[in-house]
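The values are calculated or read from the model by the stated rules, or taken from the named source; none is laboratory data. Everything quoted here is computed from the prediction, not taken from an experiment. Glycine gets a Cβ as well: all are built from the backbone with ideal geometry, and neighbour counts include every protein chain shown. For the accessible areas, the whole protein counts, side chains as well, though only heavy atoms, and no ligand, DNA or RNA atoms are used. Shrake-Rupley method; radii C 1.70, N 1.55, O 1.52, S 1.80 Å.
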2 protein chains.
Amino acid sequence: MTIVKKDKSTEEKILAAAKKIFVQQGMAGARMQDIADEAGINKALLHYYFKNKEQLFEVIFMEAAGRLFPRINEIFLSDQPLFEKIERFCSEYISIVLENPYLPLFVLNEINRDPDYFLGKVWKGRNVPKPEKFLAQIEQEVAKGTIRRISPLNLLMNLISMTIFPFVAKPMFQKNLGLDEWQFRATMEQRKKEIPKFIIDSIKK
Amino acid sequence: MTIVKKDKSTEEKILAAAKKIFVQQGMAGARMQDIADEAGINKALLHYYFKNKEQLFEVIFMEAAGRLFPRINEIFLSDQPLFEKIERFCSEYISIVLENPYLPLFVLNEINRDPDYFLGKVWKGRNVPKPEKFLAQIEQEVAKGTIRRISPLNLLMNLISMTIFPFVAKPMFQKNLGLDEWQFRATMEQRKKEIPKFIIDSIKK
DNA sequence: GTCATTTTTAACCAAATGGTTAACAAAGAT
DNA sequence: ATCTTTGTTAACCATTTGGTTAAAAATGAC
């Protein structure tokens with residue numbers, strides 16, 4: 001069995017490098033030279049593969065957004081009961097993001113910089129989360145009396161906030177609470193179960 | 001009574017302009033020329049008041065951080081009972097941020113870009129939030145049996161996440177949930193009471 | 001092997017950008 | 001009024017940065 005440590009193709013090296021630099025520095029802060037250096041290639045070669053910075057950025061951004069949004073929809077649109085959806089959302093989402101802890105801040109930041117660019121590019125691709133069904137489901141449970149009266153919008157915000165925010169504020173939490181990388185991961189693993197429990201304890205009648 | 005529409009001093013104009021541009025574009029994306037234009041002055045005059053971009057940025061960043069962090073401490077270190085603290089935190093914090101909705105993302109983003117710069121500058125000023133007392137207080141309540149067993153760290157994360165995240169994700173929530181400016185504000189006003197209720201319903205025995 | 005195509009590089013270029021200079025105007029001070 | 005200090009400007013400069021060019025390797029077709 002030959003151990004073929006096959007070189008990643010140049011394009012793959014570029015994409016990995018670009019992702020690292022863009023996520024760290026943002027579109028404005030990223031330097032094409034840094035991306036080339038990180039990929040171990042010449043800057044001209046970068047432009048041979050991707051004609052300009054904006055196009056390269058778009059590839060990275062779409063890939064990042066594509067990792068974060070479609071799965072949400074899949075869960076929100078499924079036919080599971082409410083509590084199961086909440087559990088699934090927390091668990092799956094935290095798993096996804098644990099592998100790319102800096103994606104949410106990156107994406108939110110770029111959305112903030114130019115909401116309409118985002119709307120035009122990502123939102124088009126019908127992968128846009130459609131929360132209506134989930135919101136309606138909450139209202140049904142309220143009507144059935146299985147959960148207390150609560151504004152569906154607020155419940156949705158609570159769920160998403162508790163799940164995502166710790167990643168967005170990761171460096172702050174780490175500095176302020178003195179968590180090392182491992183402790184942070186462990187805490188987030190805990191939260192896969194803690195958040196659903198927290199929510200259900202609050203709303204279940 | 002003379003209506004003296006006194007011009008803001010040049011320095012004030014610069015600071016207002018710089019805040020707007022930096023918060024919108026971040027340190028890397030902000031252009032000194034844009035700040036000068038926004039302030040209605042010459043670029044040289046900008047350097048007359050602030051010797052370079054970094055120093056100007058630091059003033060803006062510290063002012064922003066100074067708005068967000070000290071009040072937290074004030075609340076967390078007070079001698080109020082736990083539930084009151086939670087209510088006060090949500091209510092006061094949302095009020096503060098409603099006046100500057102983009103500050104949290106700005107600050108988190110810059111912390112992320114260079115956590116140690118942040119640590120060195122802001123964290124020094126002893127306004128650094130010290131959560132120990134708050135965490136201990138939660139443990140006491142658990143011991144007393146007034147609230148159910150819950151990890152203090154998780155509870156703190158939940159509180160902060162639900163309060164701050166909607167601002168960080170404001171453009172996303174607005175696009176996705178179709179909220180206009182006014183509806184967003186109204187929702188956040190609601191949340192001043194909704195979040196504490198949500199938490200207390202979850203943990204109170 | 002030879003030729004055509006693809007990949008890679010060093011050197012270069014134009015525009016953008018942070019920052020400076022030197023002169024000019026306004027405002028006090030005497 | 002004159003002089004000094006402070007505020008403001010247009011023009012300029014050096015560096016950085018995204019992007020290009022033309023030539024050299026490498027790869028593949030025959």
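Think of the protein assembly as shown as having a plus end and a minus end, set by charges on the Cβ of Lys, Arg, Asp and Glu; of B:147, A:52, B:199, B:147 sits farthest toward the positive end of this dipole.
The GluC sites (Glu not before Pro) of the stretch A:97-178 meeting both criteria, a DSSP state outside H, G, I, E and B (loop) and at most 15 other C-beta atoms within 10 angstrom of the site's C-beta, are A:99. Peptide A:190-202 has a mean of 4 when you count, residue by residue, the C-beta atoms of other protein chains within 10 Å of its C-beta. For residue A:151, inter-copy separations between label points set 7 Å beyond Cα along the Cβ vector come to 3.0 nm, shortest first. Leaving ligands and nucleic acids aside, the B/A contact buries around 4900 square angstrom of accessible area in total at a 1.4 Å probe radius.
FRET efficiency for the residue A:52 to residue B:144 pair, using the beta carbon distance and R₀ = 45 Å, is estimated at 0.10.
Going by accessible surface with a 1.4 Å probe and the largest first, B:41, B:14 read B:41, B:14.
Would you tally the net charge around residue B:94, using a Cβ to Cβ cut-off of less than 9 Å, leaving residue B:94 out, and scoring K and R as +1, D and E as -1?
0
Here the protein assembly as shown is treated with +1 on each Lys and Arg Cβ and -1 on each Asp and Glu Cβ, and its dipole about the Cα centre works out to around 520 debye.
For the pair residue A:180 and residue A:121, the difference between a 0.36 nm per residue extended length and the Cα-Cα distance amounts to 17.6 nm. Computed from phi, the 3J(HN,Hα) profile of the stretch B:73-90 under the Karplus parametrisation 6.51, -1.76, 1.60 (θ = phi - 60°) reads 4, 3, 6, 5, 8, 5, 9, 6, x, 3, 4, 5, 4, 4, 4, 5, 4, 4 Hz, with x in place of Gly and Pro.
Normalised by the number of residues in chain B, the mean separation of alpha-carbon contacts (under 8 Å, six or more apart) gives a relative contact order of 23 percent. Inter-copy label distances for residue B:31: 2.0 nm (label point placed 7 Å from Cα along Cα→Cβ; shortest first).
Temperature 4 °C, viscosity 1.567 mPa s: under these conditions the Stokes-Einstein estimate for the protein assembly as shown, based on its Kirkwood radius over C-alpha pairs, is 56 µm² per second.
Spin-label pair residue B:83-residue B:136: with each label point 7 Å from Cα along the Cα-Cβ axis, the two points sit 2.4 nm from one another.
Net charge dipole, the stretch B:50-205: roughly 300 debye, given to the nearest 20, about the Cα centre with Cβ charges of +1 for Lys and Arg and -1 for Asp and Glu. Taking one equal scatterer on every alpha-carbon of the stretch A:106-179, how large is log10 of I(q)/I(0) by Debye at q = 0.14 1/Å? Log10 of I(q)/I(0), two decimals: -0.70. Put a dot 7 Å past the Cα of residue A:12, heading toward its Cβ, do the same for residue A:189, and the two dots end up 2.8 nm apart. As a ratio to 2.2 N^0.38 Å, the alpha-carbon radius of gyration computed for the stretch A:69-203 takes the value 1.12. In order along the stretch A:189-199, the Karplus-derived 3J(HN,Hα) couplings, from 6.51 cos²θ - 1.76 cosθ + 1.60 at θ = phi - 60°, round to 4, 3, 5, 3, 9, 5, 5, x, 4, 4, 5 Hz, and Gly and Pro are given as x.
Here the 3J(HN,Hα) profile of the stretch A:142-155, calculated from phi with Karplus coefficients 6.51, -1.76 and 1.60 at θ = phi - 60°, is 4, 4, 5, x, 7, 10, 6, 5, 8, 5, x, 4, 5, 5 Hz, Gly and Pro shown as x.
Centre-to-centre, using Cα atoms only, the stretch A:28-60 and the stretch A:130-147 are separated by 46 Å.
Counting Cβ atoms of other protein chains within 10 Å of each residue's Cβ and taking the mean over peptide B:77-88 gives 0. Could you tell me which of the pairs A:19/B:130; A:193/B:124; A:170/B:130; A:170/B:13; A:85/A:204 are separated by over 26 angstrom between their Cα atoms in the structure shown? In this structure, A:19/B:130; A:193/B:124; A:170/B:13 exceed 26 Å between Cα atoms. A label point on residue A:63, set 7 Å along the Cα-to-Cβ line, lies at 4.0 nm from each of its counterparts in the other copies, closest listed first. Per-residue packing, averaged as other Cβ atoms within 10 Å, sorts the ranges B:77-86, B:196-205 into the order B:196-205, B:77-86, beginning with the highest. Estimated from helical segments only, the mean residue ellipticity of the protein assembly as shown at 222 nm is -23500 deg cm²/dmol, where each DSSP H run of four or more residues counts as -39500 (n - 2.57).
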